[in-house]
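The values are calculated or read from the model by the stated rules, or taken from the named source; none is laboratory data. Quick caveat: nothing in here was measured; it's all calculated off a predicted structure. Reconstructed Cβ throughout: ideal geometry from the backbone, glycine too, with neighbour counts over all protein chains shown. All accessible areas refer to the heavy atoms of the entire protein, side chains included, with ligands and DNA or RNA removed. Shrake-Rupley method; radii C 1.70, N 1.55, O 1.52, S 1.80 Å.
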Amino acid sequence: MASDNGGPWGGGGNRGGSGGRPPSNGGGNRGGNEPPQMPEIDELVKKGQEQLRVLMGGRGDSRKGGGQGGQGAGGPGIGRGSILLVALVAVAVWVFASFYRVDTSEQSVELLFGERYGVGQEGLNFAPWPVVTKEIYPVTRENVINIGDGTSEGLMLTGDENIVDIDFQVVWNISDIEAFVFNLAAPENTIQAVSESAMREIIARSRLAPVLTSDRGVIAQDLEELIQSTLDGYESGVNIVRVNFDRADPPAEVIDSFREVQAAEQTRDTLQKQADAYANRVVAAARGEAAQQLEQAEGYRAQVVNNAEGEAARFISVYEEYAKAQDVTRKRLYLETLEKVLSNVDKIILDETVGGDGGVVPYLPLNELNKRSEETK
């Protein structure tokens, strides 16, 4: 029955001198009419292992191939060309990993086993990997840190014991890459903490009203200088570009009441300014009137004094003339006195020869004549 089946592989009994076993993969199951068999998975794994041993400098499996050395049943060994190709690929990968480029807006730090090694310059740089590694940082890019923005970080106490809610931004970049990398463990957290502390210090010595109205520009300038000086003391390598003071308001819980207080204060200031303007106007008018009265009194005083001095001088001159010719002077004084007295008296002078012995006509409207004479004047 065995001669009929020819073995389990259908190979015709003891053909090939192998008894009842199937032929080996390197032997001859290629005759006859049967199709070639696919290699087993285990055999493929063994071939890979054999090639790896040859690559590592070992030898093939002596059990296969019957003394054919490194080229047994596991397949051909790796030649010098394959080794050279692998070496070239490894060198190319190493060169690619060691050379790097730094743009104009960047700087790099080179590390030797994690320690400071150097700073890469603009352009192409070489850092032999994996001994030396590099870290590239954008040094000209402006980074923004927001503080406040509705959080508890923005609530600060002023010098007059009021609470103000503040939002501001700190814009910064890198000025010294080595100091930035090796002196700061957490750069953004450090800058945020320093900025918040500096703002609290400035607000603590300021009053609420100027913070909300007129002093924002001054506070932003002082804040930028204080943050920069503090970070310079840390040797942080950080440059503060600018500080944007966005908002300063009372807390949301009291903002309505605060606005009412602000409106009342503005009304008070308006009324006070109006009162000051009225007081200035009234005081100025009173001062002008007082100055005018003083000038009038001074003029009257000067007039009276001048008149008295003139009268005195005139009396002295008359007395001197009287001493020289008393009769003539006495008569002249008499006539001048009569002239002064009679100049303001209504009078009519009649000649004794007119109208008969009495010198007076029986009727003459003297008052009418006097009035006519005044009208003609």
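One table, with the values for the structure above:
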item: Test for residue 218: is it of a type in the set (A, V, I, L, M), open to solvent by 40 Å² or more (accessible area, probe 1.4 Å) and either in a helix (DSSP H, G or I) or within 30 Å of residue 265 (Cα to Cα) (or both); result: yes
item: Filtered residues of the range 149-191 (kept if more than 30 Å from residue 117 (Cα to Cα), buried (at least 16 other Cβ atoms within 10 Å of the Cβ) and at pLDDT below 85); result: 153, 154, 162
item: Residue identified as of a type in the set (A, V, I, L, M), exposed (fewer than 10 other Cβ atoms within 10 Å of the Cβ) and either more than 22 Å from the chain's Cα centre (by Cα) or within 30 Å of residue 167 (Cβ to Cβ) (or both) among 263, 290, 252; result: 252
item: Contacts under 8 angstrom Cβ, first residue in the range 139-159 being part of a helix (DSSP H, G or I), partner surrounded by 11 or more Cβ atoms within 10 Å (Cβ to Cβ), 6 or more apart; result: 153/147; 153/196; 154/147; 154/148; 154/165; 154/166; 154/167
item: One residue from 238, 170, 164 being touching a Ser or Thr at 6+ places or on another chain (Cβ under 9 Å), over 30 Å from residue 110 (Cα atoms) and touching a residue at least 60 places away in the same chain (Cβ under 8 Å); result: 164
item: Single unsatisfied condition, residue 331 versus (1) at pLDDT below 80; (2) in a helix (DSSP H, G or I); (3) open to solvent by 60 Å² or more (accessible area, probe 1.4 Å); (4) of a type outside the set (Asp, Glu); result: (1)
